[in-house]
1. Which of the residues spanning segment 133-143 are free of Cβ contacts under 8 Å to residues at least 24 places away in the same chain and part of a loop (DSSP other than H, G, I, E, B)?
2. Answer yes or no as to whether Ile12 is outside the structural domain of Leu159 (by TED's automatic domain parsing) and either modelled with pLDDT under 95 or out of contact with any strand residue (DSSP E or B) (no Cβ under 7 Å at 6 or more places or on another chain) (or both).
3. Please note which helices (runs of 4 or more DSSP H) are completely contained in segment 1-100 and include at least 3 residues that are free of Cβ contacts under 8 Å to residues at least 60 places away in the same chain, within 15 Å of the ligand (Cβ to nearest atom) and surrounded by fewer than 21 Cβ atoms within 10 Å (Cβ to Cβ).
4. Condition first: part of a loop (DSSP other than H, G, I, E, B), open to solvent by 50 Å² or more (accessible area, probe 1.4 Å), modelled with pLDDT under 95 and in contact with a strand residue (DSSP E or B) (Cβ under 7 Å, 6 or more places away or on another chain). Can you find one or more residues in segment 144-159 that meet it?
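The values are calculated or read from the model by the stated rules, or taken from the named source; none is laboratory data. Quantities reported herein were computed from a predicted structural model and do not represent experimental measurements. Neighbour counts are summed over all protein chains in view; Cβ atoms, including those assigned to glycine, are modelled from backbone coordinates with ideal geometry. Heads up: the accessible areas ignore ligands, DNA and RNA and are worked out on the full protein's heavy atoms, side chains in. Shrake-Rupley method; radii C 1.70, N 1.55, O 1.52, S 1.80 Å.
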Amino acid sequence: MRVLLVEDEPKISAYVKRGLEESGYAVDAVFNGRDALDWCAATPYDLVILDILLPVLDGLTVCRQLRQQNNPLPILMLTARDAVADRVAGLDAGADDYLVKPFALAELFARLRALARRGNDQSKSPLLKFADLSLDTRTRQVRRGERTIELASKESAVLECLLREPERVLSRTQIAEHVWSYDRDNQSNVVDVYIRTLRRKIDDPFAQKLIRTVRGVGYCLSLHETD
Ligand code: CA
């Protein structure tokens, strides 16, 4: 899951970014509304966390403009006060949900998970499955058959990308865009490294291989050889 965080208070931004990254999200942080629109136009985000009071363009204007562009991106608004008028304005502008500052990270995560499920109709269930492989998007637990497989957070983020669209070939860039933010090394060869680790954990102990390389294109989950 790749998230755009739009929050101009550096301390809150750093705190939320670190918390999200520790939970396996890729996070780009911007600090004003103009940058938020530019980054949304350039990058396929899965979610936006949008503060209302922002320099240059405020959060309500950003939200309205995204919706005018028919951008369906799930938007979580942050409001400074628990005032009914603020919440109504956010929802009227097209936000999907709101959170009142200050908030606990656990609550933020719960809202983001709910929004991600809502945005992704085919996966109402928190369980993503392909063949005997499954990933619970709430607990991050990965199982293959009867075995629990321990994955690091970025490993499970790469796997989640593949599991959301089994049989679809995803390029290294498409995978990287959902797993790493711009301030990290997101050269596509990083994806190869993670796929190697995933294969060792998920495919090597089993006769039926699931992770396939499509030469010159990328990777997919499939029961069948692709080359
Ligand atoms: Ca603010």
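1. Listed by number, the residues that qualify are Thr139, Gln141.
2. Against the criterion (outside the structural domain of Leu159 (by TED's automatic domain parsing) and either modelled with pLDDT under 95 or out of contact with any strand residue (DSSP E or B) (no Cβ under 7 Å at 6 or more places or on another chain) (or both)), Ile12 qualifies.
3. By residue number, 10-22.
4. no
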